[in-house]
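Some notes on the structure that comes next.
Computed from the coordinates by the stated procedures, all read-outs in this text should not be read as laboratory data. Remember, predicted model here, so these are calculated numbers, not experimental data. Because the Cβ atoms are built from the backbone with ideal geometry, glycine has one as well, and the counts that use them run over all protein chains shown.
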Amino acid sequence: MAKSKQGKSLPNLYRKRRELLKKLHSIGPPVRGSIYQYSRFCGKKSCRRCQRGEGHSGLFLSVSIERKTHMVSLSTSSKEERAKEWSSNYKELQKIVEKITRINLELLSGK
C-alpha cells in the first residue's frame, strides 16, 4: 500500500479529504466579518442619553471588501443571530479548507 512521507496511507488521505469535502457542503452561508458594538453621540443638547454619557449604541457587522469597509446595522435580534451564525460558518469553512490543504500537500509530496 502506498504511503505518504508522514507514513499515512494514500487511500486514507483520499478518504479523509472526501469526508472534509462533504462537510463543506453541509456548512450554511458564510460571511467574513466581525461584529462590533458601536456607540455614537447625536450632539443634540436635549438628548438625555448623550447627556448621561451613554450615547446611542447598536451592533454592526463590519466587512472589508476590496480595501473598503462596509458596516451593516444589526438592528434586530434575527439579523444579529444570522450574522453570528454566518460568521461562525466562515470560521468553520476556514478550518476545513486548512485541513484539506494539509492533506493535499501530503498527497502531492508523498508520491
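Side notes on the structure shown:
- With the cut-off at under 19 Å, measuring from each backbone N in region 13-49 to a point 7 Å along the Cα-to-Cβ line of LYS84 picks out 28-39.
- Unpartnered cysteines - no second Cys beta carbon under 4.7 Å - across the chain: CYS42
- Per residue, the average separation of C-alpha pairs within less than 8 Å and at least 6 apart gives the chain a relative contact order of 35 percent.
- Estimated at 0.36 nm per residue, the fully extended path between HIS56 and LYS99 surpasses their Cα-Cα distance by 11.2 nm.
- Other residues within the sphere of radius under 10 Å centred on the Cβ of GLY55, judged by their own Cβ, net out at +2 (K and R +1, D and E -1).
- Greater than 26 Å apart at Cα, pairs in LYS22/LYS84; LYS22/LYS79; LYS8/LYS99; LYS44/LYS68; LYS16/LYS91: LYS22/LYS79; LYS44/LYS68
- Ranking of GLU80, GLU98 by neighbouring Cβ atoms within 10 Å, starting from the fewest: GLU98, GLU80.
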